[in-house]
1. If you check every pair at least six apart or on different chains, which have Cβ atoms under 6 Å apart with a residue in the range 284-311 that is hydroxyl-bearing (Ser, Thr, Tyr) first and a residue that is assigned to a helix (DSSP H, G or I) and surrounded by 18 or more Cβ atoms within 10 Å (Cβ to Cβ) second?
2. Report, by residue number, each residue of the range 35-48 that is modelled with pLDDT of 90 or more and touching a Ser or Thr at 6+ places or on another chain (Cβ under 8 Å).
3. Quick one: residue 211 ticks every box in (1) buried (at least 17 other Cβ atoms within 10 Å of the Cβ); (2) modelled with pLDDT of 50 or more; (3) outside the structural domain of residue 379 (by TED's automatic domain parsing) except a single one, so which number is it?
4. Test residue 111 against the stated conditions and say whether it is closer than 27 Å to residue 152 by Cα and polar (S, T, N, Q).
5. Listed residues 104, 69, 99; which is over 21 Å from residue 136 (Cβ atoms), without any contact (Cβ under 8 Å) to a residue 40 or more places away in the chain, acidic (Asp, Glu) and part of a helix (DSSP H, G or I)?
6. When you scan the range 87-96, how many residues do you find that are surrounded by fewer than 21 Cβ atoms within 10 Å (Cβ to Cβ), touching a residue at least 24 places away in the same chain (Cβ under 8 Å) and either assigned to a helix (DSSP H, G or I) or acidic (Asp, Glu) (or both)?
Amino acid sequence: MIFSTFGRSIREITITITMAKIRFTLPVKEKIAQLIGTYFTTKEIANIFNDANIFVDESLFAKWRITLDAFSKMSDPESAIPRVLETFCHPLNLQHAQDPFYRDNFISSLNEVLAYANLKMQANNRTAEIISLEDGTSVLPENSTAYKTSTDYIYDALNFFKNEYNKVKISGLAYEYFLGEDICFDEHSKPEYQDNLIAIKRLKEAGFIMEYEIKVENNDAGGWVFAVCKIDESKITKKEEPPATEAGVREIIQKVEITAMPEVLVRNIEDNSLVKGKKRIHLPQFKETPWKDVEIRFLDEHNVHIKGGNKTAIADYEGLGFSNEKSKKPNLAWNFLLQMAKNKGETLQIPSPVPDNIKQIKRQISDFLKKLFKNETEPFHDISETRTYKLKIALIPPQTDAENEKDELGIGDYLNETMVSKYEPPQNENEW
């Protein structure tokens, strides 16, 4: 252990000396940002910086400004910029179907700028690496932990627990996961300790680690800290898997928001839920149901009784995803559905061409019904036949005196402003 510590110290000194040679002046950073903005989309830029735990401000609009702003948020740009540039130059990030020399041109232009920092991007068809023009050595040693992202630490932890379990395959064991050494009980003195601990916490939140306890060991050579973890073996034994990959991590941590990963992580979950902003809304569970077997009955203006085949459920507008994000009241789509129920399941006659706002509301209702009843067919009748938006399901209004009922939200006025009582035929069939 003493030898290991000494070896690590030598490596860290070498890295520090190498980094001391690197200087990115403002003109160099600006030119690099302009090149990145020319060759990459805003989404591609955001994904790469987000994976490096660097917040991207897309409101700056111009891609070179977004990139330069991200550079300014780096605590150690001399070490972070080379790492990020190697990622930008990776073959998988510079594929272009129409231009086979797209990557070569970017790297060539980048090297003209990097020369002012005494650096060069050395690339082949599998990797990209920044080297020093003085001695040709890499400025980012492969074994350095200083440049790992938070996702890398999660990969490491997952593979450790899987490998340890597969050695014995005994359920209920606790495993000691090394967090760091020589921390002197100060969590902020060793970034690697913090990153390892965060990985354990994320896996605990995701349910992979059921419980853990921090354990400290001290002797004359120094101190070591471990997380003693009990894991959910079913996450490993449910199927034979290769060592943890990015896809595997996404599957396990699909319920956890991890800043190093794009939000798209939970988009492939096959459940009956909707995502509104940062909130996941779980819908009632119905099997695939034909529209003729669906009934939605309004109990009042906020609650409905839903019937799909032989199953029923009661829910309110908020539980079904029809809440206005700001006011927390029913949104336009909910009130549109309510007014349709009061009009025997259809709207008044629709003007031609159909207003965009009406199209959007109708699409929101259609998508909701398809999701809820796992039915990909269109729940509305053909507008060219009905001249109205009319649902194929049974839509029943609240059991109140409709003539004396007050429309407090003014949704009736809203619909009257965008619809006409007299049918106006379209100028051509494509307007539908």
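The values are calculated or read from the model by the stated rules, or taken from the named source; none is laboratory data. Keep in mind that this is a model prediction, so the values were computed, not measured. Note that each Cβ is placed from the backbone with ideal geometry, even for glycine, and that neighbours are counted across all protein chains shown.
1. Going by the 6 Å Cβ cut-off, the qualifying pairs are 289/373.
2. Across the range 35-48, the qualifying residues are 35, 36, 37, 45.
3. (1)
4. It is false that residue 111 is closer than 27 Å to residue 152 by Cα and polar (S, T, N, Q).
5. Of 104, 69, 99, the one residue that is over 21 Å from residue 136 (Cβ atoms), without any contact (Cβ under 8 Å) to a residue 40 or more places away in the chain, acidic (Asp, Glu) and part of a helix (DSSP H, G or I) is 69.
6. So the answer is 3.
Conditions tested, residue by residue: (1) at pLDDT below 90; (2) part of a helix (DSSP H, G or I); (3) polar (S, T, N, Q).
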residue	(1), (2), (3)
3	yes, yes, no
8	yes, yes, no
14	yes, yes, yes
23	yes, no, no
32	no, yes, no
56	yes, no, no
59	yes, yes, yes
65	no, yes, no
85	no, yes, no
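Residue by residue, here is whether (1) in a loop (DSSP other than H, G, I, E, B); (2) touching a helix residue (DSSP H, G or I) at 6+ places or on another chain (Cβ under 8 Å); (3) modelled with pLDDT under 80; (4) outside the structural domain of residue 79 (by TED's automatic domain parsing) holds:
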{"site": "115", "(1), (2), (3), (4)": "no, no, no, no"}
{"site": "158", "(1), (2), (3), (4)": "no, yes, no, yes"}
{"site": "164", "(1), (2), (3), (4)": "no, no, no, yes"}
{"site": "176", "(1), (2), (3), (4)": "no, no, no, yes"}
